[in-house]
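Asker: Okay, here's the structure, questions in a sec.
Read-outs throughout are calculated quantities, based only on the coordinates presented, and are distinct from any laboratory measurement. Worth saying up front: this structure is predicted, and the values here are computed from it rather than measured. So basically every Cβ, Gly included, is an ideal-geometry build from the backbone, and we count neighbours across all protein chains shown.
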Amino acid sequence: MAQSQQYEPLAAAQGVDQRFDQGVGAVIARMRALAADLPPGDGVAVFNRVYLAVTEAVDRAIDSGAAGGFPDRTAAVTLDVRFAERYLTAVDAASAGLLLGPACWRPLLQFRRHPGVRPLQFALAGINAHIGHDLALAVVDACHTLGCEPAFLEDEFERVGDILVTLEERIREELMPGPDLLQIADPLTHLLGSWSLERARDAAWGAARALWALRELPGVTAEFTRSMDTSVGLVGRMLLTPLPD
């Protein structure tokens with residue numbers, strides 16, 4: 001994007017690019033460790049497989065430097081790491097027995113072993129929490145790190161969104177029941193139709209811009225963030241409604 005080439009990231013002069021480069025590798029290593037430690041049917045494990053694939057795809061796109069990659073490598077790496085940090089922090093808090101983390105992650109963490117919840121529901125609930133809540137906050141985190149405004153991250157944001165859409169399609173193909181099991185009146189069909197990654201991504205960008213505009217008003221920012229967290233958590237709880245076999 002033209003805008004992203006009109007500024008010099010403040011972090012670049014402070015060695016942040018190298019630090020965050022290492023951070024991408026650390027994020028991937030942490031997700032791979034989770035994949036090895038968790039039972040395959042665990043709801044967090046299901047989402048982790050999805051998110052690991054996303055992060056690896058983003059990392060490849062960052063490294064490629066080719067058409068379809070990221071125009072600003074520093075911005076892309078920073079956004080990628082800040083985004084992943086929020087998911088990993090929520091999982092680490094749950095592992096430590098802390099139950100007061102973000103409301104958006106509580107449904108997945110509480111229902112992760114429920115026998116009536118299908119793998120596709122786990123995956124979508126995790127995507128809902130991460131896109132609906134974490135993405136907007138990660139954009140703001142990245143702006144503070146880089147010393148820029150959200151507009152300078154728009155291309156990176158859109159490119160990450162394109163990768164997420166592609167992987168969402170693959171997730172549905174891999175985790176969707178066969179056509180003989182998925183009828184128009186099936187409850188899972190209804191749940192799938194009630195949530196859209198495209199709408200969640202658009203809402204995340206609007207929320208990021210609003211949070212940035214409100215950054216000098218900490219009380220209003222906190223209230224806005226709590227409201228967003230609660231709303232996303234309610235959607236996640238509905239996505240994880242136990243379904244009959």
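Asker: Return CYS104, CYS148 ranked ascending by Cβ neighbour count within 10 Å, so the fewest neighbours appear first.
Answerer: Starting with the residue having the fewest Cβ neighbours, the order is CYS148, CYS104.
Asker: While we're looking at this one, here's another question. Along the Cα-to-C-beta direction of ASP63, a point sits 7 Å from the Cα; which residues of the range 153-173 have their amide N less than 19 Å from that point?
Answerer: 160, 163-164
Asker: Okay, next question. Once you put a point 7 Å from the Cα of VAL220 and another 7 Å from the Cα of VAL165, both along the Cβ direction, what distance in nm separates them?
Answerer: With each label point 7 Å from Cα toward Cβ, the separation is 3.2 nm.
Asker: Starting from 0.36 nm per residue, how many nanometres of slack lie between ALA35 and GLU56 once their C-alpha separation is accounted for?
Answerer: Here the answer is 6.2 nm.
Asker: Could I ask something else about it? With the crude spin-label approximation of a point 7 Å out along Cα→Cβ, what separation in nm comes out for ARG172 versus ALA210?
Answerer: Output for this residue pair reads 2.6 nm.
Asker: Ok, one more. Could you please rank ASP134, ASP229, ASP59, placing first whichever residue has the fewest other Cβ atoms within 10 Å of its Cβ?
Answerer: Neighbour counts put them in this order, fewest first: ASP59, ASP229, ASP134.
Asker: Do any trypsin sites (Lys or Arg not before Pro) in the range 34-115 lie in a DSSP loop with no more than 12 other beta carbon atoms within 10 Å, and if so, which?
Answerer: Passing sites in the range 34-115 are ARG113.
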